Amino acid sequence: MGKVKTMEKSTKITQEELTQLQTLVTEFNNVQIKVGDLEIQKHQMLHRIGSISTTLESLQGDLKAKYGDVVVDINTGDLKEASNEVSS
């Protein structure tokens, strides 16, 4: 019978494999942290949108009370009577 070559069991991965593994795990962790940071920013921005919307609605109500049902040109501040016509 011929000799069967057996592989010795290694107790450690190669330095190259270890470096590659460490690099990938570090990169993975960094990306996860960045995603978390972006989610926090998104959450804060959504709250800010809600706050701006509430303030805008309040100002629009104040302007309507002061000037009536008008349209304000956002660039010039000019007022025009609001049209009650429905566009087709």
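Could you look through the stretch 26-65, keep only residues that are among the hydroxyl-bearing types (Ser, Thr, Tyr) and more than 19 Å from the chain's Cα centre (by Cα), and pick out the one that is nearest to Glu81 (Cα to Cα)? Before you say what the answer is, go through the steps one by one.
Step one: filter the stretch 26-65 for residues among the hydroxyl-bearing types (Ser, Thr, Tyr), giving 26, 51, 53-55, 58.
After this cut, where a residue has to be more than 19 Å from the chain's Cα centre (by Cα) as well, the list is 26, 54-55, 58.
Details: Thr26: 62, Thr54: 24, Thr55: 23, Ser58: 20 Å.
The extreme case among them is Ser58.
Residue-wise test of (1) in a helix (DSSP H, G or I); (2) surrounded by fewer than 10 Cβ atoms within 10 Å (Cβ to Cβ); (3) hydrophobic (A, V, I, L, M, F, W, C); (4) in contact (Cβ under 8 Å) with a residue 24 or more places away in the chain.
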site: Leu18; (1), (2), (3), (4): yes, no, yes, no
site: Thr23; (1), (2), (3), (4): yes, no, no, no
site: Thr26; (1), (2), (3), (4): yes, no, no, no
site: Val31; (1), (2), (3), (4): yes, no, yes, no
site: Thr55; (1), (2), (3), (4): yes, no, no, no
site: Gln60; (1), (2), (3), (4): yes, no, no, no
site: Lys66; (1), (2), (3), (4): yes, yes, no, no
Per the list (1) among the β-branched types (Val, Ile, Thr); (2) at pLDDT 95 or above; (3) outside any helix (DSSP H, G or I), residue check on Val86 breaks on (2)
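The values are calculated or read from the model by the stated rules, or taken from the named source; none is laboratory data. Quantities reported herein were computed from a predicted structural model and do not represent experimental measurements. Note that each Cβ is placed from the backbone with ideal geometry, even for glycine, and that neighbours are counted across all protein chains shown.
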